[in-house]
1. Which of the residues spanning the range 68-82 are within 14 Å of the chain's Cα centre (by Cα) and open to solvent by less than 30 Å² (accessible area, probe 1.4 Å)?
2. Quick one: count up the residues across the range 181-196 that are away from the ligand (no atom under 14 Å from the Cβ) and either in contact with a strand residue (DSSP E or B) (Cβ under 8 Å, 6 or more places away or on another chain) or of a type in the set (A, V, I, L, M) (or both).
3. Restricting to the range 197-210, name every residue that is within 8 Å of the ligand (Cβ to nearest atom) and in contact with a strand residue (DSSP E or B) (Cβ under 6 Å, 6 or more places away or on another chain).
4. Out of the helices (runs of 4 or more DSSP H) lying entirely within the range 140-222, which hold 1 or more residues that are free of Cβ contacts under 8 Å to residues at least 60 places away in the same chain, closer than 26 Å to I126 by Cβ and of a type in the set (V, I, T)?
5. If you scan the range 24-53, which residues turn out to be more than 17 Å from the chain's Cα centre (by Cα) and not basic (K, R)?
6. Hey, does the range 117-132 have a residue that's within 22 Å of K202 (Cα to Cα) and part of a loop (DSSP other than H, G, I, E, B)?
7. Could we say that L135 is surrounded by fewer than 23 Cβ atoms within 10 Å (Cβ to Cβ) and among the hydrophobic types (A, V, I, L, M, F, W, C) here?
8. Please determine whether any residue of the range 150-161 is at positive phi, open to solvent by less than 40 Å² (accessible area, probe 1.4 Å) and within 14 Å of the ligand (Cβ to nearest atom).
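The values are calculated or read from the model by the stated rules, or taken from the named source; none is laboratory data. Please read all numbers here as calculations on a predicted model, not as lab measurements. Don't worry about glycine lacking a Cβ; one is built from the backbone with ideal geometry, like all the others, and counts go over all protein chains shown. The protein model used for the area step is the full one, side chains on, heavy atoms only, and it has no ligands, DNA or RNA in it. Shrake-Rupley method; radii C 1.70, N 1.55, O 1.52, S 1.80 Å.
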Amino acid sequence: MNIIKAENYKEMSQIAAKYLTEQVSAKPNSVLGLATGSTPEGLYEEIIHRYNKGEISFKDVTTYNLDEYVGLANDNDQSYYYYMHKLLFDHINIKEEQAYLPNGDAADLQEECIRYESSIQAAGGIDIQILGIGLNGHIGFNEPGTPFSSKTHIVDLDESTREANARFFKSIDDVPKQAITMGIDSIMQAKRIILLVSGSQKAEALERLVNGPVTEDFPASILQKHSDVTIIADQDATSKLSV
Ligand code: PGA
């Protein structure tokens, strides 16, 4: 794993934006795997900045998001569909029909999982997947105990994850109990992975991801087995790393 230590959150976001720009410039019809949460917000700001300067075009780019809550309509301001449009898609020239998220409001959720997974395959697979990491080591919404062989599936969210995400909702009761997420194997199929980590509260998770045993109890540990992972972490997040 390649670990890049950034000075701070802004620099982490800028470095990640540079990687994505280089990817799209080398392959204009790239397939990008995107993530939500607080961590990539700065990356999306930097991307919009670069787009406005004419440094990157999404005309031929396809994107797949990692996950979506079950039961929230697209226009619910807590859905990841809403998040992605507000923070990125509405500001760049991506085609609506090429920006995919799982549909957490589908009538048949099982079928939606299969459809989503095949859609990624049909697009030729993901060139670069952006990831964050949860305090419990989750990637996407793959909570501890998720089989490494998992494809896109429905998950029951951990209480710790619901609590961590409650800050975005009126109360914890409003946080959905389920989500659709790309599986661990779906993520591992990406040709390249960029993991962003920011803040001292993530330092322990990062240390465990890099140096801990590879175990389904800590989903992110599987990244040790991927051949092309770049971790971009700010100083606070690397405080427990000896390297
Ligand atoms: P965060 O979430 O970026 O909001 O910390 C990351 C995650 O839980 O994967």
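1. E68, Y69, Y80
2. So the count comes out to 5.
3. S198
4. Working: elements: 159-165, 184-188, 203-211.
Here the list reads 159-165, 184-188.
5. V24, S25, A26, P28, N29, I48, H49, Y51, N52
6. Residues of the range 117-132 within 22 Å of K202 (Cα to Cα): 129-132.
Then drop every residue that is not part of a loop (DSSP other than H, G, I, E, B), which leaves 132.
Looking for residues that are within 22 Å of K202 (Cα to Cα) and part of a loop (DSSP other than H, G, I, E, B), one finds at least one in the range 117-132, hence yes.
7. So L135 fits the description; yes.
8. no
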